[in-house]
Amino acid sequence: MIVIAGATATGKTELGIKLAKLLDGEVISADSMMVYKYMDIGTAKPSVEEREGIEHYVIDVVLPSQNYSVKDYIEDFDKAVQKIREKGKIPIVVGGTWLYIQGVLYGLSDAPESDWTLREKLYSLDNLELYTQLQKVDPEYANKIHVNDKRRIVRALEVYYLTGKPFSFFINQHNFKSKRYNFLGFILERDRQELMDRIEKRVEKMFEKGLVEEVKKLVDMGFKDSLTSRQAIGYKEILPYLDKKISLEDAKKCIIENTKDFAKRQIRTFRNKTDFEKIEASKFEVNEILDYIYKKYNQEVRDVSTR
């Protein structure tokens, strides 16, 4: 399979669809928020038209009020791979959620499964308080993540409170060199300022498409009851506006700022992934990148066939 990873707004979605058309493949999303139905605008989920007839998997699989874990994703991912291979097509994984990508490619550690009751208690605390707790019980892992990376902080604390052992213990025990699938991995990168500009334009377009109305509908559907979907950037910032606590302009600024911070965290996360090749998307046209990956894939297929 081919894996296209990278920070938000780098152009992964467009590249993945074009690559699927070129190689007769189908796309598996690796985005933790695209799994939710009705969360379309704020997640930049490709529309049916934008998919250009390419089948997409692990998109729209649960309601916004439902919780969804990495383990759930791996199960859905494996089923998608099987379906694609049964068709004789190539799985093309596209997304920026490294926890998902890491899970399907290298497996999960022996850390305990999610405890949603405990998570709810942890999510009710603010980021700084959570991060301070993590620094005390697992300084090794705390040093690897950002104070605003609430999902990872909560997961690490959850594991500690369930087992009495730091999350870093389980990570260090796991063999992340053992692959569940053979793959060619690519990470899209862009010039930092260009990426920030792309993020601002994307957020503006989201508001033009009706982001506020989308969030209103989600609230009516029980969106606030989910521990995971309500953490999505582009949605959580609209809630204070709907409660008349901030202006719409302030909500927009928060989304832009949080998305930029998120992109920077993604860049740091993907920085040292040795199984992936970096592609500077700012320097090449999409067709040039497609041609490069196409040739690389065919060469890999030839190499495997002669081993």
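Computed from the coordinates by the stated procedures, all read-outs in this text should not be read as laboratory data. If you're wondering where the values come from, they're calculated on a predicted model, not measured in any experiment. Glycine also receives a Cβ, built like all others from the backbone with ideal geometry; neighbour counts cover every protein chain displayed.
Label separation (R151 vs Q135): 2.4 nm, computed from points 7 Å beyond Cα along the C-beta direction. Basic side chains Lys and Arg get +1 at the Cβ, acidic Asp and Glu get -1 at the Cβ, and with that the dipole of segment 125-276 about its Cα centre reaches some 540 debye. In the structure shown, the pairs K89/K205; K121/K165; K136/K179 are assessed against 30 Å; a Cα-Cα span above that value is assigned to K89/K205; K136/K179.
When the chain is fully extended, how far beyond the present Cα-Cα distance does Y161 get from N182, taking 0.36 nm per residue of separation?
This chain segment gains 4.0 nm when fully extended.
Rounded to the nearest 0.05, the FRET efficiency derived from the C-beta distance between Q299 and Y38 at R0 = 25 Å is 0.05. Using the Cβ-Cβ distance between L118 and N258 with R0 set to 30 Å, the FRET efficiency from 1/(1 + (r/R0)^6) comes to roughly 0.75.
Between K205 and K273, the modelled labels are 2.2 nm apart [label points 7 Å from Cα along Cα→Cβ].
Label-to-label distance, L128 versus E55, with points set 7 angstrom from Cα along the beta-carbon direction: 5.0 nm. Multiplying the residue separation of D291 and Q173 by 0.36 nm and subtracting their alpha-carbon distance yields 38.6 nm. Placing +1 on each Lys and Arg Cβ and -1 on each Asp and Glu Cβ, with no other charges, gives segment 112-173 a dipole about its Cα centre of roughly 100 debye.
Within segment 63-113, the GluC sites (Glu not before Pro) that combine a DSSP coil assignment with at most 14 other C-beta atoms in a 10 angstrom radius are E113.
Apply 1/(1 + (r/R0)^6) to the Cβ-Cβ distance of N143 and E86, taking R0 = 30 Å, and write down the FRET efficiency to the nearest 0.05.
0.10
Which GluC sites (Glu not before Pro) in segment 18-72 sit in a loop by DSSP (not H, G, I, E or B) and have at most 14 other Cβ atoms within 10 Å of their own Cβ? Answer in residue order: E49, E50, E52. Put a plus charge on the Cβ of each Lys and Arg, a minus charge on the Cβ of each Asp and Glu, and nothing anywhere else: the dipole of the chain about its Cα centre is then about 560 debye.
Only helical DSSP H runs with n ≥ 4 go in: add -39500 (n - 2.57) per run for the chain, normalise by residue count and round the 222 nm mean residue ellipticity to 500 deg cm²/dmol.
Details: 13 runs with 158 residues, N = 307.
Calculated at 222 nm, the ellipticity per residue is -16000 deg cm²/dmol.
The overall shape of segment 112-173 is oblate: from the C-alpha gyration tensor, with semi-axes ordered a ≥ b ≥ c, the ratio a/c is 1.5 or greater and a/b is no larger than b/c.
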